[in-house]
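No value in this document is a laboratory result; all are computed from the given coordinates. The structure displayed is predicted, hence computed values, not measured ones. Cβ placement follows ideal geometry from the backbone for every residue including glycine, while neighbour counts extend to all protein chains displayed.
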Ligand code: SF4
């Protein structure tokens, strides 16, 4: 599938779209674009690998549950992220038809991606692209979840076996909810930043 077709599908669903050859170029673009804002982060290996927290913190007030301020814990920090000017996250899969899919165990990432901000950025490596929405839903549970669960050290069957989803009842279950972004949410700006690299899971 051609990237331009995916870009057009996303634009047709109301998103702004920007494309970059490298994560470094994408990070530089976002560093220029987001200035003087409060910024919230959803849990994302993609954002970590781009060092966006470090870049944006130099000229924005960035709130990230992975970098709690003194006296704050995960919960209080994640709550603050829900009402920042700007929110950053990624997705677990992007269908060539323009739908995106995220799974979430705690809910802060998906909640922050839907409401409460001037603008949401989804930063997505081309490794997350699949052909159809069905494949995107499958990828989130069978490709992204096992790797994310293992990253957190969770004892889910997918994390241990790294082969597929087992629809488990584990207390560590990483996919308590699954979100399909059929199109841009109303009354909020959303931009998909596509990077022609393998980023995150
Ligand atoms: S239901 Fe359990 S096994 Fe399946 S992806 Fe989620 S955490 Fe992994």
### Query
So, in region 127-150, of the ones that are touching a helix residue (DSSP H, G or I) at 6+ places or on another chain (Cβ under 7 Å) and part of a helix (DSSP H, G or I), which residue ends up farthest from the ligand (Cβ to nearest atom)?
150
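Quick test for you: out of 71, 98, pick the one residue that is at positive phi, in contact (Cβ under 8 Å) with a residue 40 or more places away in the chain and in a loop (DSSP other than H, G, I, E, B).
Working: 71 fails: in contact (Cβ under 8 Å) with a residue 40 or more places away in the chain.
Within the list 71, 98, the selection yields 98.
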### Query
Scanning for something part of a strand (DSSP E or B) and farther than 22 Å from residue 28 by Cβ, does region 106-125 turn up at least one residue?
no
### Task
Return the pairs, sorted by first residue and then second, in which the second residue is more than 12 Å from the ligand (Cβ to nearest atom) and in a helix (DSSP H, G or I), the first residue lies in region 126-147 and is touching a residue at least 40 places away in the same chain (Cβ under 8 Å) and under 21 Å from residue 193 (Cβ atoms), the beta carbons are less than 7 Å apart, and the residues are 6+ apart or on different chains.
129/6
### Query
Just checking, how many residues over region 173-186 are surrounded by fewer than 14 Cβ atoms within 10 Å (Cβ to Cβ) and within 12 Å of the ligand (Cβ to nearest atom)?
2
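Among what's in region 54-65 and is touching a helix residue (DSSP H, G or I) at 6+ places or on another chain (Cβ under 7 Å) and buried (at least 18 other Cβ atoms within 10 Å of the Cβ), pick the residue that is nearest to residue 22 (Cα to Cα). Step through it out loud before you land on a result.
In the first step, residues of region 54-65 are kept if they are touching a helix residue (DSSP H, G or I) at 6+ places or on another chain (Cβ under 7 Å); the result is 55-56, 62-65.
Applying the additional criterion that residues be buried (at least 18 other Cβ atoms within 10 Å of the Cβ) yields 56, 62-65.
Working: 56: 18, 62: 23, 63: 25, 64: 23, 65: 26 Å.
Top of the filtered list is 56.
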### Summary
Selection over region 31-45 where residues are surrounded by 16 or more Cβ atoms within 10 Å (Cβ to Cβ) and over 15 Å from the mean Cα position of the chain (by Cα) yields a count of 4
